[in-house]
Amino acid sequence: MNKKIICLLSLVTLFACNGNQSSNDSFISSNTSNSDGSHSTSNQTSDSSENGSFPFSISFPYGNTTSDTKTTTSSTETPQTSSESTVLSVSLAIATNKLKNAVQFDNELKSLKTSQYFIYEEYYQKQFYDTTRYLNNVTFIKGTTTNTIFSSNTISTGNYLEQKHYLDGTYYDIRKFDENNTSFMNTASKSQMSEDSAKNNLKINQASDAYQTYQRLANDYSDSLEYTGYYNEDDSIYASFMTYEAATDDYAFAIGMEFTIDKDNHLTDFYFTQGYYYIEYCIDYDVHTLRRHGPTSYYEGGTTLEATNFVYGNLEEFSEALPYAIEDNFVTSVGFKEETIELTYVEGVYIDLYDYLQVTPNGSLFAGCPINNIQFTSSEPTIAKTGERSKTDNHYLDILQTGEVDIHAKDTLTGVESVQDLHIIIK
């Protein structure tokens with residue numbers, strides 16, 4: 001496998017991450033603050049699922065970890081003296097129990113800041129967003145997503161507001177980018193559910209996500225996971241877990257997480273990374289170092305997330321009108337602007353069916369009512385076929401040969417369908 005060395009952006013200011021963020025923005029390519037957590041996050045250079053489950057499997061691409069990985073799982077607390085100060089260590093059992101206990105306080109988490117980074121094969125994604133939860137079943141996520149395409153060094157940035165709310169037995173999630181956006185698709189979804197289920201979706205489940213992350217690491221790397229834990233001066237506890245495997249003489253694939261929990265059992269800082277680092281950053285098993293520098297190269301991608309600026313307390317009512325009205329953001333009728341179009345067959349040619357789509361309320365890829373739930377079906381897939389490019393590109397129609405074909409449109413969320421299909425004549 002060819003190795004690609006990526007010089008990522010140096011970020012002087014790094015925000016934090018929220019387990020409730022739906023991370024993988026629909027990205028349309030035009031070519032086809034210092035955190036206030038317990039530890040420094042400056043100069044981060046690392047690199048997009050629902051409800052905190054990570055869109056990756058935590059595993060090494062090179063088999064078992066190297067023999068020099070260590071395990072520290074002391075069940076007793078003993079003072080450790082450094083050249084600077086005396087530090088009281090925290091046992092593994094106490095640290096993990098504290099994290100488990102912190103889950104109950106997700107109910108009181110009002111807001112936090114988020115940063116999330118992903119390295120994919122062809123592009124690098126950054127997400128910064130702030131999440132705020134309200135008492136009357138409303139949660140807002142305000143953020144910025146930036147994609148950098150490696151081959152062309154093309155940078156696309158979009159600012160968005162995501163509205164999650166529950167009303168009359170239905171849970172709604174609407175995410176829309178600002179009016180200048182031409183790269184990221186607006187989305188809308190809804191589902192029937194109980195109020196208890198909806199409240200869980202509306203929570204900022206960061207402690208729960210952190211605890212599940214620890215459980216996965218402990219289960220998969222029980223023989224190689226290095227643990228460090230100690231008390232801070234304010235009686236909060238710090239804990240970190242790390243393991244790595246050398247990939248070359250210069251680079252290693254590393255997995256690390258760290259968290260801080262205050263004396264009241266509130267999670268106040270969380271960080272996780274999985275990616276390729278200079279091996280010198282790994283040999284001391286110091287997650288601080290990973291967090292400070294970020295990954296510098298990759299073979300099969302990587303991800304980093306961080307949560308800071310936790311605010312706990314009694315939730316407040318959202319007293320204003322919701323930014324996105326339900327009646328403006330869900331399709332009630334679907335059709336096409338034309339009944340028939342004629343095309344000339346050229347090998348490899350395709351069209352974007354969104355260009356011919358017409359919906360009510362008025363909507364498009366980047367503005368108005370979101371059309372992300374529209375699905376197209378070809379009556380003659382041997383002549384023209386959708387879905388060849390990727391699972392998210394159903395709106396592209398590949399022209400395969402001459403002939404005639406009808407295209408049917410349906411909104412899979414609301415169930416409305418095109419009465420008059422689009423007839424295409426290919427000569």
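The values are calculated or read from the model by the stated rules, or taken from the named source; none is laboratory data. Since we're looking at a predicted model, the values are computed, not measured. Keep in mind that these areas ignore ligands, DNA and RNA; they rest on the heavy atoms of the full protein, side chains included. Shrake-Rupley method; radii C 1.70, N 1.55, O 1.52, S 1.80 Å.
In this structure the range 301-427 gives 51 Å² per residue of accessible area when probed at 1.4 Å with all protein chains present. Under a 5 Å amide H cut-off, with hydrogens placed 1.01 Å from N, Tyr345 pairs with Lys427 among residues at least 5 apart or on other chains. Per-atom-type breakdown for the range 268-427 gives carbon and sulfur 45% of the accessible area (1.4 Å probe, protein chains only).
For the range 150-231, the carbon plus sulfur part of the accessible surface works out to 41%, probe radius 1.4 Å. Structure note, pairs Lys164/Lys410; Lys176/Lys427; Lys113/Lys190; Lys176/Lys263; Lys142/Lys410; Lys113/Lys385: Cα-Cα distances above 32 angstrom occur for Lys176/Lys427; Lys176/Lys263; Lys113/Lys385. Per the Cα gyration tensor, the range 286-361 maps to an equivalent ellipsoid with semi-axes of 45, 32, 6 Å, ordered largest to smallest. Residues Arg133, Arg291, Arg216, sorted by accessible area with the largest first, give Arg216, Arg133, Arg291 [1.4 Å probe; ligands and nucleic acids excluded].
Shown here is the pair-distance distribution of the range 119-251: with all Cα-Cα distances grouped in 5 Å bins from zero up to the longest one, the shares run 2, 8, 11, 12, 13, 14, 14, 13, 9, 3, 1, 0 percent. Distant-in-sequence amide contacts of Leu400, defined by a placed amide H-H separation under 5 Å and a gap of 5 or more residues or a different chain, comprise Ala384, Lys385.
In this structure His266 has an accessible area near 30 Å², from a 1.4 Å probe over the protein heavy atoms.
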